[in-house]
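Throughout, read-outs are computed from the coordinates displayed, never taken from laboratory work. Just so we're clear, the structure is a prediction, and the values are computed from it rather than from any experiment. Cβ atoms come from the backbone with ideal geometry, glycine included; neighbour counts cover every protein chain shown.
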């Protein structure tokens with residue numbers, strides 16, 4: 001009997017004040033094992049990068065997708081996250097028969113059997129793998145932004161609302177990559193601290 005092809009799905013980047021939200025979908029081989037693989041938040045950046053390479057080499061299929069800052073503004077962060085997940089699932093070269101999604105929500109209109117699993121990134125290996133790919137893709141975007149705008153320190157805080165990030169926002173202004181609907185950015189925008197120069 002052919003094993004059911006199950007994809008694990010997770011996201012990265014819902015909380016930060018800047019950039020896209022990312023999602024990944026991963027189908028692992030049956031009985032797959034990868035020592036050290038767990039929820040990406042519990043791993044060092046170096047370990048995540050190493051595991052991401054192994055996952056991409058060894059998975060039956062994988063895909064990473066995102067929803068950009070304009071889509072976040074238009075849809076809100078929850079619906080933009082669901083859009084990124086849907087894109088990742090549909091981006092798999094091998095269509096899964098079922099998807100297991102981290103969290104408590106399932107994107108609408110998937111047309112695939114789906115189950116939401118709270119804390120799935122530490123319970124289901126395929127979701128752990130997806131969390132690693134989503135997180136490393138999100139971090140790559142932050143490093144690219146850090147090169148363009150070194151004064152904001154994106155390589156350190158990854159876009160989260162740290163004191164350093166808020167201080168940079170106050171000093172240098174809001175970039176077009178910032179999420180205008182998020183409270184600290186919205187407050188500065190109301191003061192007229194709109195887009196800094198490229």
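Values as computed for the structure displayed
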quantity: Within the range 1-38, backbone nitrogen closer than 17 Å to the virtual label 7 Å beyond the Cα of residue 79 toward Cβ; calculated: 21
quantity: Using alpha carbons only: equivalent-ellipsoid semi-axes of the range 27-115, gyration tensor based, whole Å; calculated: 24, 18, 12
quantity: Average projected area [Cα convex hull, the range 149-190], square nanometres; calculated: 2.7
quantity: With Cα atoms, 0 to 90° folded angle of helix 163-172 axis to the chain main axis; calculated: 50
quantity: C-alpha long axis of helix 45-58 to longest principal axis of the chain, angle in °; calculated: 40
quantity: Along each principal axis, Cα extent of the chain, largest first, Å; calculated: 63, 35, 26
quantity: Distance histogram for the range 32-77 (every C-alpha pair counted, 5 angstrom bins, percent rounded to whole numbers); calculated: 5, 17, 20, 17, 14, 13, 11, 3, 0
quantity: Whole-Å distance, taken between Cα centres, linking the range 125-164 and the range 90-110; calculated: 24
quantity: Beta bridge orientation in the chain: antiparallel %, DSSP, nearest 5; calculated: 60
quantity: Size of the range 75-172 as Cα extents on the principal axes (Å, biggest first); calculated: 49, 24, 23
quantity: Fewest-first ranking of 43, 28, 180, using other Cβ atoms within 10 Å as the exposure measure; calculated: 180, 43, 28
quantity: Relative intensity, log₁₀ I(q)/I(0), of the range 67-127 from a Debye sum that treats every alpha carbon as a point, q = 0.14, 0.22 Å⁻¹; calculated: -0.41, -0.94
quantity: Value of D in µm² per second that Stokes-Einstein yields for the range 1-42, Kirkwood Rh from Cα pairs, at 4 °C (1.567 mPa s); calculated: 101
